């Protein structure tokens, strides 16, 4: 399988409903919850790419472009954008989707670096 095929197969989509228990006092998605969801998607995409134990080592940048209101859907997309010797960079985007219309827009995007580790949590080569 080519690297391009592996990247395509590793791309991960998760859709979440934004309920009041995930929002802040402005009735928008709490930033910490968004980061948790994004880290999970990055982990899944990196694991699907490498099929090895992966851990988060850095979040290089996260841009909160638009608030995500309660009562909307949030689609998270994780895409492998770079592969190193022991690491994988995953771009994670969150799109706001209105429940009752086709309206969809990019709200948050971030870059996560995941590293392959052995059973002792030491970095290993990605095979």
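The values are calculated or read from the model by the stated rules, or taken from the named source; none is laboratory data. Note that the structure is a prediction, hence the values are computed from the model and not measured. All Cβ positions, glycine included, derive from the backbone under ideal geometry; neighbour counts span all protein chains shown.
Go through the range 25-59 and give me each residue that's closer than 14 Å to residue 115 by Cα and part of a strand (DSSP E or B). Matches in the range 25-59: 54, 55, 56, 57, 58, 59. For the range 36-55, a tally of residues being free of Cβ contacts under 8 Å to residues at least 60 places away in the same chain and over 15 Å from residue 126 (Cβ atoms) returns 5.
Among the residues of the range 76-100, those identified as within 13 Å of residue 18 (Cβ to Cβ) and surrounded by fewer than 16 Cβ atoms within 10 Å (Cβ to Cβ) are 98, 99. Among the residues of the range 65-75, is any at pLDDT 95 or above, surrounded by 13 or more Cβ atoms within 10 Å (Cβ to Cβ), in contact with a helix residue (DSSP H, G or I) (Cβ under 9 Å, 6 or more places away or on another chain) and closer than 24 Å to residue 8 by Cβ? Within the range 65-75, one or more residues are at pLDDT 95 or above, surrounded by 13 or more Cβ atoms within 10 Å (Cβ to Cβ), in contact with a helix residue (DSSP H, G or I) (Cβ under 9 Å, 6 or more places away or on another chain) and closer than 24 Å to residue 8 by Cβ.
The set of residues from the range 108-127 being more than 13 Å from the chain's Cα centre (by Cα) and either closer than 25 Å to residue 2 by Cβ or touching a residue at least 40 places away in the same chain (Cβ under 8 Å) (or both) comprises 115, 116, 117, 118, 119, 121, 123, 124, 125, 126, 127. When each of 27, 60 is tested for being surrounded by fewer than 18 Cβ atoms within 10 Å (Cβ to Cβ), touching a strand residue (DSSP E or B) at 6+ places or on another chain (Cβ under 7 Å) and farther than 30 Å from residue 2 by Cα, the lone residue that passes is 27. When the range 4-24 is limited to residues that are touching a strand residue (DSSP E or B) at 6+ places or on another chain (Cβ under 7 Å) and assigned to a helix (DSSP H, G or I), the one that is nearest to residue 84 (Cα to Cα) turns out to be 7. Could we say that residue 90 is within 20 Å of residue 123 (Cα to Cα), touching a strand residue (DSSP E or B) at 6+ places or on another chain (Cβ under 7 Å), at pLDDT 95 or above and not in a helix (DSSP H, G or I) here? In short, yes.
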